[in-house]
Amino acid sequence: MQTIWFGGAEWLAVLRIGLGLWWLESWRHKDKKGWFERGTGIAWAADVAAKHRWAAVGSGFRRIVAPRPKAMAYVVVYAELALGLGLITGFLTPVALVAGLLLNLLYLVLMIHDWAEQGQNAMMALISLVALFAMSWQTWSLDEAIGLFL
C-alpha cells in the first residue's frame with residue numbers, strides 16, 4: 001500500500017510512535033511528588049472506586065490496590081513511562097501494546113462515568129489494537145533491528 005510520503009507500514013509505525021508519545025505525555029504531566037509522597041493519585045482513584053456504580057470495581061480496588069497504595073502509585077506512574085518508551089523505540093512492542101490495552105481498559109472501567117476520559121482511553125485502546133494486529137513493530141523499531149517478533 002502506498003500513500004503520500006510513506007507506505008502503510010511506515011504510517012503504522014507513526015501511529016505506534018504517536019501512541020507512545022501519548023503515554024509519555026500521560027506520565028510527564030503527572031504530579032510525581034503528589035503521587036509518591038502524598039498519595040494523591042491512589043487516593044483519587046480510591047474515591048472514584050468507592051462511588052463506582054459497579055460494586056466489583058470498589059471491592060477489587062479495596063482488595064488489590066488499597067493494601068499497597070505506595071507500590072501501586074509507582075506501578076501506575078512507571079507503567080505509563082515504560083509503555084511510552086517501549087512504543088516510541090519499538091522495544092518489546094507487542095508486550096507494550098497488550099499492557100497498554102489492558103491499562104486503558106482498566107482506566108475505562110474505573111472512569112465509566114467520565115465521558116471525556118472515556119474518549120481518550122477508547123481511542124488509545126483502539127490504536128493499541130490496530131498497532132498490535134497490524135504488527136507495527138516491523139518498521140522503525142528496535143524489535144525489527146534485533147529480529148524480535150518476526
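Among residues of the stretch 26-48 that are under 21 Å from H113 (Cβ atoms), none has a beta-carbon under 6 Å from a residue that is hydrophobic (A, V, I, L, M, F, W, C) and not in a helix (DSSP H, G or I) at least six positions away or on a different chain.
Listed conditions (1) within 11 Å of the chain's Cα centre (by Cα); (2) open to solvent by less than 60 Å² (accessible area, probe 1.4 Å); (3) of a type in the set (F, W, Y) are all met by Y78, apart from (2). Would you tally the residues in the stretch 133-150 being touching a helix residue (DSSP H, G or I) at 6+ places or on another chain (Cβ under 7 Å), of a type in the set (A, V, I, L, M) and assigned to a loop (DSSP other than H, G, I, E, B)? Residues that pass the stated criteria total 1.
Residue-wise test of (1) part of a loop (DSSP other than H, G, I, E, B); (2) closer than 29 Å to T139 by Cβ; (3) open to solvent by 30 Å² or more (accessible area, probe 1.4 Å).
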residue	(1), (2), (3)
L15	no, yes, yes
W35	no, no, yes
G41	no, no, no
W44	no, no, yes
A49	no, no, no
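Let's see how each residue does on (1) at pLDDT 95 or above; (2) aromatic (F, W, Y):
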site	(1), (2)
K51	no, no
R62	yes, no
K70	yes, no
Y74	yes, yes
A79	yes, no
D114	no, no
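In the stretch 115-122 there is no residue matching the filter, namely being within 17 Å of L12 (Cβ to Cβ), in contact with a helix residue (DSSP H, G or I) (Cβ under 6 Å, 6 or more places away or on another chain) and either without any contact (Cβ under 8 Å) to a residue 40 or more places away in the chain or not in a helix (DSSP H, G or I) (or both).
The values are calculated or read from the model by the stated rules, or taken from the named source; none is laboratory data. Here the structure is a predicted model, which means the values were calculated and not measured. Here Cβ is always computed from backbone atoms with ideal geometry, including for glycine, and neighbour counts include all displayed protein chains. Heads up: the accessible areas ignore ligands, DNA and RNA and are worked out on the full protein's heavy atoms, side chains in. Shrake-Rupley method; radii C 1.70, N 1.55, O 1.52, S 1.80 Å.
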